[in-house]
Every structure is written in structure tokens, then in C-alpha cells.
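To start, the structure under review is shown below, and the notes come after it.
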Amino acid sequence: MSMPYTAHLDNFARDSLPPREAWPELIFDLPELQYPSRLNCAVELLDKMVAGGHGERIALRTPDGACTYRQLMARANRIAHVLREDLKLVPGNRVLLRGPNNPMMAACWFAVIKAGCIAVATMPLLRAKELKPIIAKAQVATALCDVRLMEEIDRVRQECPGLKQVVVFNDGGPGSLEALLEDKPEQFANVDTALNDVALIAFTSGTTGQPKGTMHFHRDVMAMCDYFPRSILKPDANDIFCGTPPIAFTFGLGGMLCFPLRFGASVVLVEKLLPDALLKTIQDFKATVCFTAPTFWRQMAGLAKNYDLSSLKKCVSAGEALPDATRQLWKNATGIEIIDGIGATEMIHIFISHTPESVRRGATGYAIPGYRARVVDEAGQPVPAGTIGRLAVQGPTGCRYLADERQKVYVENGWNLTGDAYKMDADGYFFYQARTDDMIISAGYNIAGPEVEDALLKHPAVAECGVVGMPDEERGQIVKACVVLRPDFAPSAALVKELQDFVKNSVAPYKYPRAVEFVENLPRTETGKLQRFKLRSA
Ligand code: 3UK
């Protein structure tokens, strides 16, 4: 038997894939979305757009200026020469990328892919302690790092002898990437990768244990650009994207880089965005599409009146469940129905979502065309509509952990199990309950924290909240709410009672929080997820 074609000379990634029988079943049943056996996703997103006449259009916008498709391609090509000639990289080598969302970070990502190497982008706030297992696991010998994030790389270098070369960018000094690419040609012979050569390894933002590396092929990047955007987001070349997710988070890799380029549109890259700054970005750049997490949508709803957001058309929320209370606040403030979507690093991007017109209150949406979803019991059998169980999905993308036993936990009988508890209605809409290990069991009742949170968020005193189960001798667990108050409200026993009664009046009374604690803020990850384990241990 002949080996299937690969452009990789370094076969580390291929050799670290899970055995074929441990992969999820993959479905490619949309006739319009078939990809050729040779595919380089950077070539599809850059070179082909330039060849197709988009070269002089703007690809990236920043507060300091803009960059066309042709300029971005030229920059990526020169960096690819540096990778090949100065750093002596061969196809299949992993390259660690560290940077906030900015044009050099974007160009580096494309350069790595053009050179047939594998992009391992890391979240900007990661410390040496968190980078170390990533570098070891993905066997990374080369890093490209924004000058402002060098400190942790310098620290980790001393402990990772395998990390042999580090090149700094956005620096300009001698030896920097800018200096090295100066005399490189603007053309580059792109590596002719196979559609199932690994293009990137994305590490999960997991809270416990060793980080898991998910491996995605060139084909998966194209599927990410074609499935959710084509059927739900429906952007066009005049759209201007903006938002907060880092390129290192696959939510951001799609929304802040690959989706806009796939459609000939542009994206505003801003390095550090707080709710006010994101609103100002929308106003100043006349952005039309915005990607961010639920906590941002909620905070921005309260500030929206101070900005001209008339350019904005489409809003995407992902990362954690979008409470209906937040959806309504944003709609009242702007008239826009947020597009909610559940995605996962293992799946690369969103697989259940809805268009603004087909929203159903309280639901994440339906399986987007090309994906299948169902709710299963402990044994993996589908449960009837209306029953809570475990979410299982299949589609053109799926989980392939880099050398990790936990592949068996995520993939069962060919289905991806995301770890979320869901309920499906008779029309195929999926209603998020909680992470399966976050379900609260109190006096024999199953209670989903996010449902109680949504009830609390409808009270005018509540800015943000997190609801968890706390150990209790009598009931096993009790429902506890950690509440951040809006500026005009002060903690009091009377307010505790008022919030408890408020919840009892909107959901089944046994779900009300027996304990309420007022806190200054809630612990969140860089991706906007509430860290419930921290609330439980507090
Ligand atoms: C949770 C949601 C309810 C859910 C991601 C869009 O979040 C992303 O990837 P992660 O690997 O986390 C996956 C988990 O996050 N989640 C995400 N979105 C929603 N829960 N409603 C939602 N809309 O528990 C899921 O299993 O960090 C999101 C695109 C790409 C991504 N990587």
C-alpha cells in the first residue's frame, strides 16, 4: 500500500494523530463544499484572493493604518522566506506564535502556513508555566513573538532546551523579524500541502490537567470559513469585521482573520479591547460585523447609547452561553438580534447556531448545514426531545488530540461529546443547560446554574453573576449565586431576599439561590468564560 501524499518532511504531527478508529466520523455531504486533494489554506485565503482581483482592497485595518490583500500577502511571503532560509524550517515543523491581534501576528500566521509549517498560536496572557507544556507537547523548536510578550518566552527558554530559535517581531531592531525580512522577495513558492496535512495545533483553554492540543488540517480551516459563515453569517466583501477574540483562540482565528479574508472583506485588528473601546472601534471604523463573548455583549449594552453604532449589522456571540437577558438588553439598545453559536477548539469553530431571523429565545440554535447534533444518555443512546442529556455532534471537522488518551473521552462511537448538557426541542433547536460537570444536584433536583443566572440577570440590580453548587450536609449541594451589583446598588440582607424572591417568581422555586454573595467581579478566562471552579473554591 502506498502512503497517502503529504508535503510534510517532518512527520511529527501525522505520527501523533490518534489512530483512525479513534477519530470522530467525518461528514462531507454538501456537494458545493468539496475541496481538492492538494490544498493550502493560506493560498486559498490570500494568493487566490489577490489573483481574483482583490489585491488592492483593504484586508486589515488598525488605528495606525490599513493593509491591502496584496501587502499582506507580500509580507507573509517575505516572512515565509525567513522561515525557510534563515530559520531553516522544513514543512511539518511547528512554529509557536505569540502576539496580540495585529498585522504582524496575522502575517506570521499566514507565513507559517505558506511554508507548510504548523501554526501553534498561544493566548497572549499565558505565562512561562503554561507555555512550557505546550512547547513540550507540540515539540516546538521555533517561536515568533511580539516584542511585548517576550518576557515569558525568555523565561520559558531557560527551561525548554528544545526551543532553539526565537525571533521577535514589532521590534525593528537588529535580528528582529522586520530586519530579517527586509531584503526578501515578495514572491514565495507556497508549499503544496495535502488537504489533510496538519495546518495548526490549537491548545484548549482547559481549566484542569495538562493542556490538550487539537490538530486541524488545511481542509478544516476551509470548512471553518465555509460552513458557519456561508449559512449563518452570510458576509460580503463590503463587510468590516471587528471584535475581541485573540487569533490564538479558534473563535478569533475565524472571526478576526480567516472569515473576512475568505469573503474579500476586511477586519479591524485592535490589540486590547475593553467594552468601551470595542464600541468606539465599531463607531470609528464603521464596522458591520462584531464577534465577542456574552459578558462583553452585556457590558456593551449598557454603554451603547454613547456611541453611533448605525453601521453595525451582525453580532456574533460564543465562548459561553448567551443568557436571554443579555440578548434582550442588546436588542433593546441597538435593535440587533445577536447570533449565538456554540463552537469548540476540538471542532475548530461553530456547529450549532441560528440566523437572526430564526432565533428561538433561550436556544443556542440548530445544527448548521453540514453538521449533525443530538442529545444522548450515559450509554450514548439518543434521548427523546425535551430530555436533558449530553450533546453529541458530527460534521466535516472534529476532535483529533495530539497524542492524548483523552481522545476516548471526547469521541465516543464516532460522535464528538463536547461536555455540555443540552435539551433539544421537537424542531431541532438546542437549549444549553450547563457543562455536564457543572450541573448542580440539590436535594435530588438537577439544577443548571446558567438558568438561575439568566433569571438573576433580569433583575435591575444585577450587573453580572455566577451560580454554582456548594457542598451541603443536608441537600448534598445548595445553589449559590455570586452577584456583581450595578453601580447604583449596595449589598444588603434585604437585597438578598429580593433577589431570591425574584428568582422564585421566574423559575421553579427549588432552584432559587439559598446562598447569595456580593462580589466585586467574577473570575474569567482570557476567552471570556466564567471560571466556576474558582467560585466553588472561594
Ligand atoms: C462552551 C458555549 C454555550 C461550551 C469556541 C466558538 O468556546 C470555544 O471553544 P473552547 O474550546 O470551549 C468550548 C466550550 O465552550 N461554549 C462555547 N460557545 C458556547 N456554551 N453556548 C455557546 N454559544 O461548553 C463548549 O463545549 O474554548 C467557540 C468558536 C470557536 C471556539 N473554539
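The values are calculated or read from the model by the stated rules, or taken from the named source; none is laboratory data. This structure is a prediction, so every number in the text was calculated from the model and none was measured. Counting neighbours? That spans all protein chains shown, and the Cβs are built from the backbone with ideal geometry, glycine included. With ligands, DNA and RNA removed, areas are computed over all heavy atoms of the protein, side chains included. Shrake-Rupley method; radii C 1.70, N 1.55, O 1.52, S 1.80 Å.
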(request) Quick one: check the C-alpha center-to-center distance for region 199-247 versus region 397-421, whole angstrom. (result) 17 Å
(request) Would you mind working out the accessible area per residue for the chain, using a 1.4 Å probe, and quoting it in Å²? (result) 40 Å²
(message) One quarter of the convex hull surface, Cα atoms only: what value does that give for region 182-233 in nm²?
(response) 7.0 nm²
(request) Give me the distance in nm between label points sitting 7 Å out from Cα along the Cα-to-Cβ direction at residue 446 and residue 498, one decimal. (result) 3.5 nm
(request) Go through 339, 499, 189 and say which Cα lies farthest out towards the positive end of the charge dipole of the chain; charges sit on Cβ, +1 for Lys and Arg, -1 for Asp and Glu. (result) 499
(request) Could you go through region 419-426 in sequence order and give the Karplus-derived ³J(HN,Hα) for each residue, using 6.51 cos²θ - 1.76 cosθ + 1.60 with θ = phi - 60°, rounded to whole Hz, and x for Gly and Pro? (result) x, 10, 8, 9, 10, 10, 8, 5
(message) What whole-number distance in Å separates the alpha-carbon centres of region 41-58 and region 465-509?
(response) 53 Å
(request) State the antiparallel share, in %, of DSSP beta bridges confined to region 440-537, rounding to the nearest 5. (result) 80 percent
(message) Just the number: Rg to Rh for region 248-346, Cα atoms, Kirkwood Rh, two decimals.
(response) 0.93
(request) Could you look at the chain and say what percent of its accessible area is carbon and sulfur, using a 1.4 Å probe and all protein chains? (result) 52 percent
(request) Give the angle, between 0 and 90 degrees and rounded to the nearest 10, that separates the Cα long axis of helix 275-285 from the longest principal axis of the Cα atoms of the chain. (result) 50 degrees
(request) Enter the Cα centre distance for the pair region 365-394 and region 106-143, rounded to the nearest angstrom. (result) 34 Å
(request) Kindly express, to the nearest 10 degrees and within the range 0 to 90, the angle between helix 103-114's C-alpha long axis and the longest C-alpha principal axis of the chain. (result) 60 degrees
(message) If R₀ is 41 angstrom, what is the calculated FRET efficiency for the pair residue 37 and residue 276, using the beta carbon separation as r and rounding to 0.05?
(response) 0.30
(message) How big is the chain along each principal axis, measuring the range of its Cα positions in Å and listing the largest first?
(response) 70, 57, 49
(request) Quote the relative contact order of the chain in percent (integer), defining contacts as alpha-carbon pairs under 8 Å separated by 6+ residues. (result) 13 percent
(message) Beyond 26 Å, how much of the Cα-Cα pair distribution for region 40-192 remains, as a whole percent?
(response) 22 percent
(request) Pull out the extension gain between residue 56 and residue 231, defined as 0.36 nm times the separation in residues minus the alpha carbon to alpha carbon distance; nm, one decimal. (result) 60.3 nm
(request) Name the long-range amide H neighbours of residue 315: under 5 Å, sequence gap of 5 or more, or other chain; modelled H, no Pro or chain starts. (result) 290, 339
(message) Compute the angle between helix 218-228 and the longest alpha-carbon principal axis of the chain, please, reported from 0 to 90 degrees and rounded to the nearest 10.
(response) 40 degrees
(request) Please get the size of the charge dipole for the chain, origin at its Cα centre, with Cβ charges of +1 on Lys and Arg and -1 on Asp and Glu, quoted in debye to the nearest 20. (result) 120 debye
(request) Kindly write out, for region 405-412 in residue order, the coupling ³J(HN,Hα) from the Karplus curve 6.51 cos²θ - 1.76 cosθ + 1.60 (θ = phi - 60°), rounded to whole Hz, with x marking Gly and Pro. (result) 4, 6, 3, 5, 7, 7, 10, 10
(request) Would you calculate a helix-derived [θ] at 222 nm for the chain, using -39,500 (n - 2.57) for each DSSP H run of n ≥ 4 and dividing by the full residue count, to the nearest 500? (result) -7000 deg cm²/dmol
(request) Tabulate in residue order the Karplus-calculated ³J(HN,Hα) for region 478-483, using 6.51 cos²θ - 1.76 cosθ + 1.60 with θ = phi - 60°, rounded to whole Hz; enter x for Gly and Pro. (result) 10, 7, 10, 10, 9, 10
(request) Please give the FRET efficiency for residue 26 paired with residue 3, using the beta carbon to beta carbon distance and R0 = 22 Å, rounded to the nearest 0.05. (result) 0.65
(request) Could I have the simple spin-label model distance between residue 507 and residue 412, label points 7 Å from Cα toward Cβ, reported in nm to one decimal? (result) 2.4 nm
